[in-house]
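First comes the structure, then the notes that go with it.
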Amino acid sequence: MSHEIYQWVDRPPFMWDQKKDVNEPKVNEWIRVYSGETKNPDVVLLGVPLSRSSISASAASENPDAFRRAWKYFQTYNLDFDVDLKDLEVVDVGNVKQHVTDIRKCHENIKRAMNSIRGEFPDSIQLSVGGDHSITAMLVKGWKEAHPKGEIGILQFDTHFDLRDLKDFGPTNGTPIRNLIESGTIKGSNVYNIGLHGFFNAKSLKEYADEHGVHYVTMREVRKKGIENVVQNALSQLAEKVDTIYVTVDMDVLDISYGPAAPAATPGGMRTDELFESVYLAGLHEKVKAMDIVCLDPFRDVAESTVKSGVHVMLSFLTGVYVRKKDLTV
């Protein structure tokens, strides 16, 4: 890797068990710290440890490293699909550098890190682990700078619209989708949000979504139509309009009983199996080229349940990517 990216990224803060030639590896034995030996990995993993920009108090900045520590609990073999991910090449480039007090500087570093990674690995799937949801706007802006001619669509799994007014809230975890729309990075009509429900969004945000053509499916509708149908429909519609589908998973899309560590967790959300199936389907799609997982505070967790669910989300997505790349039928 060129040295440019390390202006914006620190190498992983600790080393895990980097064993080679393990027949049945665990995830911590499989994912490699990037050291320049691979020019075209299947997947590039980036940690984005920022949560000072969260509206609600959050230590989601600790989540990238919590993910890394939790990898030891998981095999690379996925029994549900009879698929072993060990032949998929995934490299971890580290964490985006953070400024102690300047959130805008942190956001600039995120954008530049994504731009640099895309320059170095233009054909790799990008997987980012946050951090609060404000990071999504900067990651997508970095992608757009690296691929200025490409149209980007967003597949969002979230309890919230994330369309709050930047004039009132600034570039926070409540504003990333509006940030992207109002900056001209994406079109509102190229946003598909799945998972909204209940009493957790102001009516004015729905009106903004309708005005800008944002597509959304509530959990009530999801349960009537089925999660597979809803996700497939969103992917199909996006694929007709965009060059790149960017998937963003806010862990508060899970019901609070399944994801207690999400700072804005609520009752009435998704089950883990529904989210795992959703990201697997996204991973299968040829136009899905990036995903982030955000808003998970490991300090609030119960028996590491949400962190483990987050890692399962990551691996479920990578299962879809593996099946796609290997052209398998499962």
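Restricting to the stretch 271-330, give me the number of residues that are aliphatic (A, V, I, L, M), part of a helix (DSSP H, G or I) and more than 15 Å from the chain's Cα centre (by Cα).
2
Tally the residues that are farther than 19 Å from residue 114 by Cβ and outside any helix (DSSP H, G or I), restricting the search to the stretch 132-171.
Residues that pass the stated criteria total 9.
Determine which member of the set 59, 66 is at pLDDT below 95 and not acidic (Asp, Glu).
59
Conditions first: (1) under 23 Å from residue 277 (Cβ atoms); (2) surrounded by 16 or more Cβ atoms within 10 Å (Cβ to Cβ); (3) under 20 Å from the mean Cα position of the chain (by Cα). Residue 222 passes all but one, so which condition is the exception?
Status for residue 222: all satisfied but (3).
Any chance you could count how many residues in the stretch 203-218 are within 17 Å of residue 176 (Cβ to Cβ) and part of a strand (DSSP E or B)?
Within the stretch 203-218, residues that are within 17 Å of residue 176 (Cβ to Cβ) and part of a strand (DSSP E or B) number 2.
Have a look at 291, 251 and point out the one that is closer than 19 Å to residue 137 by Cα and out of contact with any Phe, Trp or Tyr (no Cβ under 8 Å at 6 or more places or on another chain).
So the residue among 291, 251 that is closer than 19 Å to residue 137 by Cα and out of contact with any Phe, Trp or Tyr (no Cβ under 8 Å at 6 or more places or on another chain) is 251.
Among (1) on the phi < 0 side of the Ramachandran plot; (2) of a type outside the set (Lys, Arg); (3) touching a residue at least 40 places away in the same chain (Cβ under 8 Å), there is one condition residue 94 misses while meeting the rest; what is its number?
(1)
Restricting to the stretch 171-184, what's the tally of residues that are surrounded by fewer than 23 Cβ atoms within 10 Å (Cβ to Cβ) and either in contact (Cβ under 8 Å) with a residue 40 or more places away in the chain or among the aliphatic types (A, V, I, L, M) (or both)?
3
Residues of the stretch 41-59 being in a loop (DSSP other than H, G, I, E, B), farther than 14 Å from residue 289 by Cβ and not hydrophobic (A, V, I, L, M, F, W, C), which ones?
49, 51, 52, 53, 54, 56, 58, listed by residue number.
Among (1) crowded, with 20+ Cβ neighbours inside 10 Å; (2) closer than 28 Å to residue 184 by Cβ; (3) not basic (Lys, Arg), there is one condition residue 283 misses while meeting the rest; what is its number?
So residue 283 meets the others, but not (2).
Could you say which residue among 61, 56 is among the small types (Gly, Ala, Ser), touching a residue at least 60 places away in the same chain (Cβ under 8 Å) and crowded, with 20+ Cβ neighbours inside 10 Å?
61
Output the number of residues of the stretch 28-40 satisfying the condition of being out of contact with any Ser or Thr (no Cβ under 6 Å at 6 or more places or on another chain), more than 15 Å from residue 94 (Cβ to Cβ) and not in a loop (DSSP other than H, G, I, E, B).
Qualifying residue count, the stretch 28-40: 2.
Which one is nearest to residue 222 (Cα to Cα) among residues in the stretch 185-211 that are buried (at least 18 other Cβ atoms within 10 Å of the Cβ) and among the β-branched types (Val, Ile, Thr)?
Selected residue: 194.
Could you list all residues from the stretch 279-330 that are at pLDDT below 95 and in contact with a strand residue (DSSP E or B) (Cβ under 8 Å, 6 or more places away or on another chain)?
Correct list: 328, 330.
I need every pair where a residue in the stretch 106-133 that is closer than 17 Å to residue 245 by Cα and among the charged types (D, E, K, R) has its Cβ under 6 Å from the Cβ of a residue that is modelled with pLDDT of 95 or more and in a helix (DSSP H, G or I), sequence separation at least 6 or different chains.
Within 6 Å, the pairs are 118/146.
What do you reckon, is residue 252 assigned to a helix (DSSP H, G or I), buried (at least 24 other Cβ atoms within 10 Å of the Cβ) and among the charged types (D, E, K, R)?
Judged against the criteria, residue 252 is a match.
Within the stretch 90-107, track down each residue that is surrounded by 20 or more Cβ atoms within 10 Å (Cβ to Cβ) and assigned to a helix (DSSP H, G or I).
Hits for the stretch 90-107 are 106, 107.
Consider residue 230 carefully, then state whether it is free of Cβ contacts under 8 Å to residues at least 40 places away in the same chain, under 15 Å from residue 157 (Cα atoms), part of a helix (DSSP H, G or I) and of a type outside the set (Gly, Ala, Ser).
It is true that residue 230 is free of Cβ contacts under 8 Å to residues at least 40 places away in the same chain, under 15 Å from residue 157 (Cα atoms), part of a helix (DSSP H, G or I) and of a type outside the set (Gly, Ala, Ser).
The values are calculated or read from the model by the stated rules, or taken from the named source; none is laboratory data. Quick caveat: nothing in here was measured; it's all calculated off a predicted structure. Positions of Cβ are generated from backbone atoms using ideal geometry, with glycine treated the same way; all protein chains shown enter the neighbour counts.
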